[in-house]
1. Using 21 Å as the Cα-Cα cut-off, could you pick out the over-long pairs in K164/K215; K215/K242; K127/K164; K127/K242; K128/K164; K140/K242?
2. Give the Kirkwood hydrodynamic radius (Å, one decimal) of segment 289-371, defined as one over the mean of 1/r across all pairs of different Cα atoms.
3. Given the protein chains as shown and a 1.4 Å probe, how many square angstrom of D156 are accessible, to the nearest 10?
4. Would you pull out the residues with amide H under 5 Å of M350's amide H, same chain only if 5 or more places away, H placed 1.01 Å from N?
5. Give me the net charge for the shell around G210: Cβ to Cβ below 13 angstrom, other residues only, Lys and Arg +1, Asp and Glu -1.
6. In a shell of Cβ-Cβ distance under 10 Å around Q241, excluding Q241 itself, what net charge do Lys and Arg (+1) and Asp and Glu (-1) give?
7. Any chance you could list the semi-axes, whole Å, largest first, of the equivalent ellipsoid that the Cα gyration tensor gives for segment 101-258, using √(5λ)?
8. Between D246 and S199, 0.36 nm times their residue separation minus their Cα-Cα distance comes to what?
Amino acid sequence: MRWPIPSRESPLLVASLLLLAACESAPSAGKSASGRLFFPAPPDPPRVQFLTSASGAAELSEKASAFDSFVLGSDAGAKPRLNKPFGLAARNGSVYVCDTQDAIVVRLDFAAKKHSILGASGEGRLKKPINLAIDPLGYKFVADVGRNEVVVFGPDDQFVAVHKLPQPCRVVDVDVFENELYVLDNDSTPQVVVLDRSSGAVLRTFGGRGNEAGKFNAPAGLSVSPDGHIYVSDAVSCRIQKLRRDGTAEWSKGSQGFQIGQFGRPRGIRAAPGGVIYVADAATEIVQLWNDEGRPLMHLGGPGGDPGALVLPSGVAVDATSLPTFRPYLHPDFEAEYLIFVASQFGNHMVSVYAFGKFPEGYQLRPAELRTIPIIPPSSETLITPTEEPPPKHPPIPEAPKGGS
């Protein structure tokens, strides 16, 4: 895919980028600032609109008490909030968020205006869920860095299975393609472990430690694109790589720095339809957009406390099935293709929702419609450490349909 780099961003330091934007008369969350927020800033054509944000139950416009207040550490009757989110995934209007502090996955159902939790007890009890993926059948695969296993929940959010990894391991991310489960193992010999999605059997591994293409130093995020390519972010090497399904490297891009095309601390990575790759950078507190040929395109987010800004972003997800739920937040003339969800580890906007799309050719936004994100210096970040727990047995998982996830 070829997509031109916006004209004003590439030469500038990320810390000095000014981001303009726009606000809506849509549902309550994310309405505090006036004006809609778009990326990139004019005069470049807008490609991403910030829609809304949430940090827990309060933004779902429902009465509190659905969460277990003991599990979430909140007072009785209070509206619970996320404590330290990391990875996330979305499907059909629900956003599933890994809360590493409370050791649960929180489901924020924007469609039904309710919330629930996964992994609080029983065989599927989580220890430190860090990332997750949802397949087309609705199965959730949770990478638990505490258990060092992948814990599987069904379409009804009930526990189904545990998939073990070859030991020693440190499970940090997971994604699904057809009937294969790709698990990122970030231990002393980092690698990608490919499992049978249904049985958990190990099919193959690739990677290893090193600086050459196809090797990793501290891999942080993994994603499989709809066409079956694998993308891996490396927090120490400050680069992203595109790999084939056998581990052969197609390209390796990025270096340490604070310009678009460089990384300070790349974390979550997700490949979207159309060949756009999203990379969350915790150091610069933005999400960079790249194309599948390894070319940087633009960014979204930015440091700060305003809606649409990010605070230590860690996870990123893309989803088209949730578009009907979030359509009321869209500018009426913005043609959205899919949604982008970004998790911030701290702040008042821990789950931010954006839409990727475009305006009709020649469309002009009025300056009065836009707002900006004030620029402030990036924050420092906090690392996550692993723990352990033994696995239980699990029932079979049905075969997945052919094609990408």
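1. Beyond 21 Å between Cα atoms: K164/K215; K127/K242; K140/K242.
2. Taking every pair of different Cα atoms in segment 289-371, averaging 1/r and inverting gives 14.4 Å.
3. Surface open to solvent at D156 totals about 100 Å².
4. Correct list: A54, S55.
5. The answer is +1.
6. +2
7. 27, 16, 16
8. Additional length available on full extension: 14.9 nm.
The values are calculated or read from the model by the stated rules, or taken from the named source; none is laboratory data. Bear in mind the structure is a predicted one, so any value in this text is a computation, not a measurement. In this analysis, Cβ positions are derived from the backbone assuming ideal geometry, glycine residues included, and neighbour counts consider all displayed protein chains. In case anyone asks, the SASA skips ligands and DNA or RNA and just uses the protein heavy atoms, side chains included. Shrake-Rupley method; radii C 1.70, N 1.55, O 1.52, S 1.80 Å.
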